[in-house]
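The values are calculated or read from the model by the stated rules, or taken from the named source; none is laboratory data. As the structure is a prediction and not an experimental result, all values here were calculated from the model. Here Cβ is always computed from backbone atoms with ideal geometry, including for glycine, and neighbour counts include all displayed protein chains.
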Amino acid sequence: ACLAGSRRLEAAEIVDGKINPLRALRVLCIMLLYPGATAAEAPARQHTSRPIVTGTSVLGIKYKDGVMLAADTLASYGSLAMFKDVTRIARTGSYTLVGASGELSDYHALLDKLKGLAQANANCDDGFEHGPAEIYSYLRAVLYQRRNKFDPLWNSLVVGGFKDGAPFLGSVDLRGTAYEDDVIATGYGSHLALPIMRAKWTPDLDEGEARALLEDCLRVLFYRDCRALDTVVLSKATATGTLVSDPYKLETDWTSASFVAPKAGGDGDGGW
């Protein structure tokens, strides 16, 4: 009776003189959550602007033989370091790697889309497979389309791969902004790791040097980023295919002078 007499009920909620229960429930929820608002006046869906389980930086670098990506394995529930064994870099076909910062559920939704794309290729049975540049363009379009719907996928992606004798490395953010570069970092890594990579990168880096550089950057992020972890995953794309490593721990060193002999003096760093 309360709903039937309410001026908030629109024609769509009443069919043949009877109240549609599901639509009426929607109106009731709007009345409770937004007093004084009609269904048309209620705020648009906003949960995508509030990421819940998130990952931090992903790093990417080109080297002499291909492309290498790196990320830690922490997924934080808000500020709580809850999930410590999450791999945020995935193989997409034979040529491409995709890593993601941001909301993990949105990243998994994107991976599902890429699996559908790969299945469509397999159904054609003509031997064609999308390369990294094409996957990059597809993800840019998907993220830009979702941004235009004001329902973004809350991720910053790094796309790396190797096809036709050439390495590829690009980044796409939640607004669909995309660019290619020789070194890329997302999240806090764009502030702390990217300057290190730019200073030390050369086109003729071998695989060992590229790995050492990425590990140095991940170590800095573990020291400085409260959402980072010392367990990491490395991946590479070369002429022989793509590979994602098992998680492993970085070697870290906390033996600074202030920790060994703590004091609060003007000649130290001010720490206790």
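Look at the range 189-204: where a residue is of a type in the set (S, T, N, Q) and a partner is assigned to a loop (DSSP other than H, G, I, E, B), sitting 6+ places away or on another chain with Cβ atoms under 8 Å, you get S190/S57. For the range 262-272, check the following and say yes or no: at least one residue is modelled with pLDDT under 95 and on the phi > 0 side of the Ramachandran plot. Checked the range 262-272: at least one residue is modelled with pLDDT under 95 and on the phi > 0 side of the Ramachandran plot.
The set of residues in the range 205-216 that are touching a residue at least 24 places away in the same chain (Cβ under 8 Å) and charged (D, E, K, R) comprises D206, E207, E209, R211, E215. Quick one: L117 ticks every box in (1) assigned to a loop (DSSP other than H, G, I, E, B); (2) more than 15 Å from the chain's Cα centre (by Cα); (3) not basic (K, R) bar one, so which box is it? Condition not satisfied by L117: (1).
Residue-by-condition table, conditions (1) free of Cβ contacts under 8 Å to residues at least 12 places away in the same chain; (2) within 15 Å of L69 (Cβ to Cβ); (3) in contact with a Lys or Arg (Cβ under 9 Å, 6 or more places away or on another chain); (4) surrounded by fewer than 16 Cβ atoms within 10 Å (Cβ to Cβ):
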| position | (1), (2), (3), (4) |
| --- | --- |
| L110 | no, no, no, no |
| A122 | yes, no, no, yes |
| P152 | no, no, yes, no |
| P167 | no, yes, yes, no |
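Within the range 135-146, does at least one residue satisfy the condition of being buried (at least 22 other Cβ atoms within 10 Å of the Cβ) and either on the phi > 0 side of the Ramachandran plot or not hydrophobic (A, V, I, L, M, F, W, C) (or both)? Scanning the range 135-146 turns up at least one residue that is buried (at least 22 other Cβ atoms within 10 Å of the Cβ) and either on the phi > 0 side of the Ramachandran plot or not hydrophobic (A, V, I, L, M, F, W, C) (or both).
One line per residue, one yes/no per condition, for (1) in contact with a Pro (Cβ under 9 Å, 6 or more places away or on another chain); (2) within 21 Å of D253 (Cα to Cα); (3) modelled with pLDDT of 95 or more; (4) of a type in the set (A, V, I, L, M):
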residue: T177; (1), (2), (3), (4): no, no, yes, no
residue: V183; (1), (2), (3), (4): no, no, yes, yes
residue: S190; (1), (2), (3), (4): no, no, yes, no
residue: A193; (1), (2), (3), (4): no, yes, yes, yes
residue: L205; (1), (2), (3), (4): no, no, yes, yes
residue: R211; (1), (2), (3), (4): no, yes, yes, no
residue: L218; (1), (2), (3), (4): no, yes, yes, yes
residue: C226; (1), (2), (3), (4): no, yes, no, no
residue: T231; (1), (2), (3), (4): yes, yes, yes, no
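Among the residues here, V159 qualifies as under 19 Å from C217 (Cβ atoms), among the β-branched types (V, I, T) and either touching a residue at least 24 places away in the same chain (Cβ under 8 Å) or surrounded by fewer than 21 Cβ atoms within 10 Å (Cβ to Cβ) (or both). The number of residues in the range 169-180 that are surrounded by fewer than 18 Cβ atoms within 10 Å (Cβ to Cβ), farther than 21 Å from G241 by Cα and not polar (S, T, N, Q) comes to 2. Checking each residue in the range 214-226 for being farther than 10 Å from I61 by Cα and not in a loop (DSSP other than H, G, I, E, B) picks out E215, D216, C217, L218, R219, V220, L221, F222, Y223, R224.
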